[in-house]
There are 2 protein chains.
Amino acid sequence: MKIGIAGLGLIGGSLALALRERHEVTGYDNDERARAAAKADGIRIATGLDELLPADAVLVATPIAAIVPALEQLATRSDGAVLLDTGSLKRAVADYAARAPAGARIVGGHPMAGTTSAGFSAADPSLFRGRAFLLVPTARSDDRAMAVAGAIAREVGATVTVCSAEVHDRAMARLVAGPLAAAAALAVAGAQAEPLLAAAGPGFRDSTRLADTPADLATELLFGIGADTAAAIGSIIEGLTQLRDAVERGDREYARSFLQAARSVRSELS
Amino acid sequence: MKIGIAGLGLIGGSLALALRERHEVTGYDNDERARAAAKADGIRIATGLDELLPADAVLVATPIAAIVPALEQLATRSDGAVLLDTGSLKRAVADYAARAPAGARIVGGHPMAGTTSAGFSAADPSLFRGRAFLLVPTARSDDRAMAVAGAIAREVGATVTVCSAEVHDRAMARLVAGPLAAAAALAVAGAQAEPLLAAAGPGFRDSTRLADTPADLATELLFGIGADTAAAIGSIIEGLTQLRDAVERGDREYARSFLQAARSVRSELS
């Protein structure tokens, strides 16, 4: 296939590296350094977004706020190309698709693979291997579009799961935005561990790793699905309150059953 | 040195493997399988706790609840041996030391290295390399006892930090108990991500890893320093509440400054 990739950061760069062996891949990024880094790694570079067309598919891997503008620009002249974005929020893409030109083919995509590293320099062709790649059909997704999107996801080594934009965003609030908020709250509370903060072990480091997410991306993730995020944070506060109350009243049985429930959820992760 | 090790789980087993090349190491565990596994790996095994003496040092790496009883048993006949425990809570050890026989030498120790794996089968001589090893002087710690404890900690590759039991336990509430409670609350809230729970990416997996801590150990960690733990969980709830309120009122600036503060705490970790 002829595949264009808009945005050559961690995700777009990794897709380019994973797909270039078997496809004719061309990339573009607004940032000159990203273009230069990708070019130095052998990725063919276009001189503008429009030049990614004509193609069989264009993967839109820009920052979240730029996804719908990029889709809008591409959709008017996509001529059958499947437009597949890779952002972590899907309702805005579904909303745009509903008002996109009738001939456009648009599929929402979300590879579940890492968020705190950034840039082409962190790109890795094996980034998606064994990960989930969520696909969200939109009002502009036909069978062929879904088949092309699914083929690309599987080719980079991911497992495809299809869901609605609503189910996707509600789940992401629990799996991404909530953990991000908790990591930030843990890190801020961790400052009270001084002078022993630097002695923190791997548990604290892992628990707060998401607090390293670049501030712009982190803010988008929290506010992009505001109502879902607020509800997800509310659920976490509720669980913590139950545990704190159990500790205060010395109720080990309650805490133990809560901890067991948590452990059983985790065992479903595989 | 002649070194006894009481408890051959993850920590005691790793200490035995790390120290046996340069010292005469003898281990003991109440559990027959642990003894057999350590023996199969070439660790010399005693027939009882008392048989670890005489020694230059005895490392007490039992489950938390068994530490003070083991110290009590050893202290009456330790004859100058340095008794160094490795539990993650230090106030109980300091309290015991204050009433221990006058001739006993007791130092509180806490290597900051992993908690969710367990058992001798997970033991690894490099477990402590590059990690902090906190040492807490007690009413029964003299200079030689601190020197012996420090030498052992450095020999397994760790960096020594000395602090009081109070500073230690307050910090651990923030670095261990709080993150554990948050991981459990995140996992329970994560169940609401169904049917996409299995699609969780590395962020959610890392954030909830501590929820895999065996329930007995997790309960000890939460209740062993109850007041500190309740305060630490309270700080996390406070941070989450601030973030949720910011999301609800659309206050990106507030959220961004909170996220920046979190990121700067994390940058102090290494």
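Exactly one residue out of A:220, A:253 is under 16 Å from the mean Cα position of the chain (by Cα) and more than 7 Å from chain B (Cβ to nearest Cβ), and it is A:220.
Within the set A:154, A:131, the sole residue that is farther than 21 Å from residue A:230 by Cβ and modelled with pLDDT under 95 turns out to be A:131.
Being part of a helix (DSSP H, G or I) and without any contact (Cβ under 8 Å) to a residue 40 or more places away in the chain is the filter; apply it to segment B:7-49 and report the residue that is surrounded by the most Cβ atoms within 10 Å (Cβ to Cβ). Only one residue tops the list, namely B:35. Residue A:64 meets the stated requirement of being under 17 Å from the mean Cα position of the chain (by Cα) and under 19 Å from residue A:110 (Cα atoms). The criterion of at least 1 residues that are of a type in the set (Phe, Trp, Tyr) and out of contact with any strand residue (DSSP E or B) (no Cβ under 6 Å at 6 or more places or on another chain) is met, among helices (runs of 4 or more DSSP H) falling completely within segment A:212-270, by A:215-223, A:252-267. Do we find a residue being charged (D, E, K, R), free of Cβ contacts under 8 Å to residues at least 12 places away in the same chain and under 21 Å from residue A:75 (Cβ atoms) anywhere in segment A:102-123? Scanning segment A:102-123, I find no residue that is charged (D, E, K, R), free of Cβ contacts under 8 Å to residues at least 12 places away in the same chain and under 21 Å from residue A:75 (Cβ atoms), so the answer is no.
Working only within segment B:193-218, note down all residues that are without any contact (Cβ under 8 Å) to a residue 60 or more places away in the chain and surrounded by fewer than 19 Cβ atoms within 10 Å (Cβ to Cβ).
Going residue by residue through segment B:193-218, those that are without any contact (Cβ under 8 Å) to a residue 60 or more places away in the chain are B:193-208, B:211, B:215, B:218.
Of everything in segment B:193-218, those that are without any contact (Cβ under 8 Å) to a residue 60 or more places away in the chain and surrounded by fewer than 19 Cβ atoms within 10 Å (Cβ to Cβ) turn out to be B:194, B:195, B:198, B:202, B:205, B:215.
Just for helices (runs of 4 or more DSSP H) wholly inside segment A:85-191: which have at least 3 residues that are under 24 Å from residue A:43 (Cβ atoms) and away from every other protein chain (no Cβ under 14 Å)? Can you show your working first?
On the way: elements: A:91-98, A:143-155, A:165-172, A:178-190.
Correct list: A:143-155.
As a summary of the residue check, residue B:86 satisfies the conditions (1) farther than 24 Å from residue B:226 by Cβ; (2) of a type in the set (Ser, Thr, Tyr); (3) modelled with pLDDT of 95 or more except for the one numbered (1).
Of all the numbered requirements in (1) surrounded by fewer than 22 Cβ atoms within 10 Å (Cβ to Cβ); (2) within 7 Å of chain A (Cβ to nearest Cβ); (3) within 29 Å of residue B:134 (Cα to Cα), residue B:227 misses one, and that requirement is (2).
The values are calculated or read from the model by the stated rules, or taken from the named source; none is laboratory data. Note that the structure is a prediction, hence the values are computed from the model and not measured. Heads up, the Cβs are rebuilt from the backbone with ideal geometry, glycines too, and the neighbour counts pull from every protein chain shown.
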